[in-house]
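What follows is one structure encoded as structure tokens, with my remarks underneath.
The values are calculated or read from the model by the stated rules, or taken from the named source; none is laboratory data. Predicted, not measured: the structure shown is a model, and the values here were computed from it. Note that we place each Cβ from the backbone using ideal geometry, even for glycine, and neighbour counts take in every protein chain shown.
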Amino acid sequence: MADKEFTYAEVSTHTTKKDVHLVIHDIVYDVTSFVDEHPGGEEVILDVGGQDATEAFEDVGHSDEAREVLEGLKIGVLKRSADDPKPKVSQPANTSSSSSGSGSGGFGIGLYAVVLVAALAYGAYHYLELNAEKA
Ligand code: HEM
């Protein structure tokens, strides 16, 4: 049977003690029945109710037993969409433009060097040719 898909917007409407969903590793859990039993207290779960609790859950270093409980609470998977709150990802937007800028600068200097060497070689060739004619 295919997993039911939930959007982040749907999950975020379940935030009360009587109805709390959360997301861990892109899986959606209905933890309503477990809130009262949670050894770490109900507060911490309600704090991340309706949100992505992956970091909170993993930071504690929950046991395999905790993961088994989690397995039983699964109700579906998260269907990500463009306007979801994004996990923190550094955007190297400036890096690419500045590196291409310095790249073309480097190429420019290289090109000057090639032209200069060619001009010197051409000059030297003519100089030697003139000297040869004189002799
Ligand atoms: C539905 C998700 C969760 C389940 C099934 C769950 C389950 C458990 C279980 C079974 C324990 C006992 C220790 C262990 O077996 O690791 C525990 C402890 C604990 N949990 Fe959770 N937990 C969940 C979510 C969270 C979240 C989101 C937090 C947020 C910080 C949290 C914080 C803690 C803490 C601090 C303890 C340690 C309590 C103590 O040793 O006094 N848990 N959890």
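Can you say whether Leu116 is in a helix (DSSP H, G or I), of a type in the set (A, V, I, L, M, F, W, C) and modelled with pLDDT of 55 or more, as far as the supplied structure shows? So Leu116 fits the description; yes. Mind listing whichever residues of the stretch 34-74 are surrounded by 15 or more Cβ atoms within 10 Å (Cβ to Cβ), more than 7 Å from the ligand (Cβ to nearest atom) and either more than 29 Å from the chain's Cα centre (by Cα) or not small (Gly, Ala, Ser) (or both)? Result: Val35, Glu42, Leu46, Gln51, Asp52, Thr54.
Hey, does the stretch 10-20 have a residue that's touching a residue at least 40 places away in the same chain (Cβ under 8 Å), basic (Lys, Arg) and either surrounded by 12 or more Cβ atoms within 10 Å (Cβ to Cβ) or part of a loop (DSSP other than H, G, I, E, B) (or both)? Show your work before the answer.
Going through the stretch 10-20, the residues touching a residue at least 40 places away in the same chain (Cβ under 8 Å) turn out to be 11.
Filter again for basic (Lys, Arg), leaving none.
No, the stretch 10-20 contains no residue that is touching a residue at least 40 places away in the same chain (Cβ under 8 Å), basic (Lys, Arg) and either surrounded by 12 or more Cβ atoms within 10 Å (Cβ to Cβ) or part of a loop (DSSP other than H, G, I, E, B) (or both).
Condition first: out of contact with any helix residue (DSSP H, G or I) (no Cβ under 8 Å at 6 or more places or on another chain) and small (Gly, Ala, Ser). Can you find one or more residues in the stretch 23-34 that meet it? No, because not a single residue in the stretch 23-34 is out of contact with any helix residue (DSSP H, G or I) (no Cβ under 8 Å at 6 or more places or on another chain) and small (Gly, Ala, Ser).
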